[in-house]
Structure formats: structure tokens, C-alpha cells
1. Taking the full set of protein chains and a 1.4 angstrom probe, give the accessible area of I88 in square angstrom, rounded to the nearest 10.
2. Counting other C-beta atoms within 10 Å, and keeping those with at most 11, which DSSP coil trypsin sites (Lys or Arg not before Pro) do you find in region 97-202?
3. Just want to confirm a number: the relative contact order over region 65-148, from Cα pairs under 8 angstrom separated by 6+ residues, in percent.
4. Check L80: other-chain or 5+ apart residues with amide H under 5 Å from its amide H, H built from backbone geometry?
5. For region 120-199, run through the GluC sites (Glu not before Pro) and keep only the ones in DSSP coil with at most 16 other Cβ atoms within 10 Å of their Cβ.
6. Compute the helix-to-body angle for 171-184: its Cα long axis versus the longest principal axis of the chain, expressed 0 to 90° and rounded to tens.
7. Tabulate in residue order the Karplus-calculated ³J(HN,Hα) for region 106-112, using 6.51 cos²θ - 1.76 cosθ + 1.60 with θ = phi - 60°, rounded to whole Hz; enter x for Gly and Pro.
8. Find, among the trypsin sites (Lys or Arg not before Pro) in region 21-89, those assigned to loop by DSSP (not H, G, I, E, B) with at most 11 other beta-carbon atoms within 10 angstrom.
Amino acid sequence: NHALALAVIPAGATPALASHLEGADNLTVLQHGFNHANHAPASEKKAEFGAHRPLSAMLSEIDDGRARLEDLFGDQFLPLFVPPWNRIADDLPAALMGRGYRGVSCFGQRPSNAARRQLNCHVDPIDWRGDRGFVGVENALDSLIGQLAARRAGAPREPLGILTHHLDHDAGGWRFIEDLLDATREHRAGEWRSVSTLAAGF
């Protein structure tokens with residue numbers, strides 16, 4: 001079961017990375033933008049694929065990025081688009097679906113718009129507004145438990161995703177992820193599913 005989805009920046013992907021991941025049967029490679037460049041004005045939050053450029057220009061970059069990832073990763077690549085900074089122009093998801101993408105992945109509850117097929121993440125264990133370290137076990141669990149409670153209380157049902165940032169995790173963040181996996185892998189109330197399995201349900 002490929003429960004780990006690795007968002008790879010196409011412009012920075014290398015044959016060395018592809019060689020390192022070759023044969024791994026527990027991960028899926030997703031497309032993380034093109035080169036993780038900010039195109040938003042200084043007065044707005046960062047976005048590579050927000051509503052700041054013509055749709056045609058963005059799709060051209062995305063096409064180039066997809067071709068590179070397909071060439072490097074072959075069957076490990078799944079055409080699901082992960083926009084940097086979790087921000088995407090309103091008209092881009094539908095255009096991606098028309099190009100054969102399986103969906104997009106952002107952060108938070110997915111919208112009801114059927115054209116924006118999303119497999120989102122909901123829990124982020126990094127304190128981006130503070131010291132950019134681990135938010136702490138209590139805060140991380142509060143976020144996770146809050147998501148589960150909302151689903152039981154009638155919130156729209158969707159898979160719960162855990163967002164990780166391998167370059168930014170400190171020791172406490174990695175320990176939390178390891179403990180979470182240990183506690184949930186064999187728990188009868190939960191199941192880790194691959195993004196490819198979930199996307200197949202769209």
C-alpha cells in the first residue's frame with residue numbers, strides 16, 4: 001500500500017533522485033508545481049500557480065514538469081498536482097482534469113466544486129508562524145483529533161492527510177510522525193491508504 005506521497009518539484013528533480021527511489025514500493029511521486037517560484041505580488045501571499053499569470057503560461061509549465069517527472073519516475077508518478085504554498089487559481093483544476101490529471105492536493109477541507117477533485121492534507125505539524133519547529137505533541141494531536149471529531153459530527157467525509165516537510169522537520173516533528181504511524185498502523189479504527197487508491201475513486 002503506497003501510503004506515502006512524495007511531492008517532487010519537476011525543475012529540481014534529478015536522475016539521482018529517481019535512482020534512489022527506484023524499486024520503492026511504498027511511495028507515489030506527485031507533481032509539486034514546476035520550480036517552486038513565487039509569481040504573486042509582494043502584497044499577496046506566495047503562489048506559483050495562483051491567479052497572477054495567464055492560464056496558458058501556467059499550463060505550459062505544468063506540461064513540461066509532467067513530462068520530466070514521467071521520464072524520471074515512470075510508473076511511480078501519478079498525475080496529481082500539488083501547488084506550492086497550497087494555492088491554485090480557480091480555473092486551473094478544471095483545466096488540469098481536461099489534461100488527464102487525477103486531481104489536485106492542497107490544504108484544508110476540499111471545496112464542494114466537483115471540478116476541483118482534491119485529496120488534501122489537513123494536519124501540519126510545523127509552527128510556521130513561530131520558530132518553524134514542531135508545534136508540539138499536544139497541538140498536533142488537537143489538530144488531528146479535531147479533524148476526526150468534525151467528521152463524526154457530520155462534516156463532509158474525506159480522507160485525512162498528514163502534511164510533512166522533510167527538509168524542515170526537527171527531531172520532535174519526526175518523532176511525532178513515527179509515533180503516529182506506530183499508533184495507527186494496526187488500529188482497527190483507521191487505515192492508511194495510498195493516494196493512487198484514493199484518486200481511483202474520483
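The values are calculated or read from the model by the stated rules, or taken from the named source; none is laboratory data. Because the structure is a prediction, the values reported are computed rather than measured. Cβ placement follows ideal geometry from the backbone for every residue including glycine, while neighbour counts extend to all protein chains displayed. For the accessible areas, the whole protein counts, side chains as well, though only heavy atoms, and no ligand, DNA or RNA atoms are used. Shrake-Rupley method; radii C 1.70, N 1.55, O 1.52, S 1.80 Å.
1. About 20 Å², ignoring ligands and nucleic acids.
2. R129, R132, R157, R185, R188
3. 19 percent
4. Here the answer is Q31, R102, since their amide H atoms fall under 5 Å of that of L80.
5. E186, E191
6. With rounding to tens, the tilt is 70 degrees.
7. So the Karplus estimates, Gly and Pro as x, are 10, 10, x, 4, 6, x, 7 Hz.
8. K45
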